[in-house]
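All remarks here apply to the structure that follows.
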Amino acid sequence: MKTKNSELLISQTAYDLFAALGSLRRPPVILCIGSDRVTGDCIGPLVGHLLASRNLGCEIVGTLDSPVTALNIADSVLKVKRLYAGRKVIAVDSCVGEADELGSIRVRKGSLRPGLACGKSLPKVGDVSVTATVASGNADNLYSVRLGFVYSLASEIADSIECALKTSTRRKEA
């Protein structure tokens, strides 16, 4: 989040998140998906880690210390539905795309399908989805992604989520 002459300038990602979330009656749950064992797949856990230290007033599921992976996502989704019923879920994950999409962050209303690039059949998750394209070609390329690249995208996503939530809170208070 940057300021210029006391004007708030927000990134396109933050704006898209704000628009996709709509009005929030209760703080959302941020479900950060991925493995910290595969550099290209650790966008989610990195975003969760970065957000956990900020006082956002929302629940964060999936961090570097406790990642949500293909092995535990079904249980994590059930837990979120049980403990945080009625709250919107922002799902964050990395993805594989075309070469010209590398570094792009997409926000959309609706769920995402984790593990699709690896041919896994995992449950759809999220009311709002945030994906970052970290590799092109196939899922094997997730192993050769540079950590600095992934960290930069994760930082932008975390900053955008924080900005969108704070903007939403300000709008509610006005």
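The values are calculated or read from the model by the stated rules, or taken from the named source; none is laboratory data. No experiment lies behind these values; they were computed from the predicted model shown. Positions of Cβ are generated from backbone atoms using ideal geometry, with glycine treated the same way; all protein chains shown enter the neighbour counts.
Assorted remarks:
- Single residue of region 16-45 satisfying the filter (among the aliphatic types (A, V, I, L, M) and closer than 17 Å to Ser76 by Cβ) that is farthest from the chain's Cα centre (by Cα): Val29
- All told, Arg108 meets the bar of being at pLDDT below 95 and not hydrophobic (A, V, I, L, M, F, W, C).
- Scope region 133-168; condition farther than 19 Å from Leu51 by Cβ and surrounded by fewer than 13 Cβ atoms within 10 Å (Cβ to Cβ); matching residues: Gly137, Asn138, Asp140, Tyr143, Ser144, Arg146, Gly148
- So Pro114, is it touching a residue at least 12 places away in the same chain (Cβ under 8 Å) and more than 24 Å from Ser168 (Cβ to Cβ): yes
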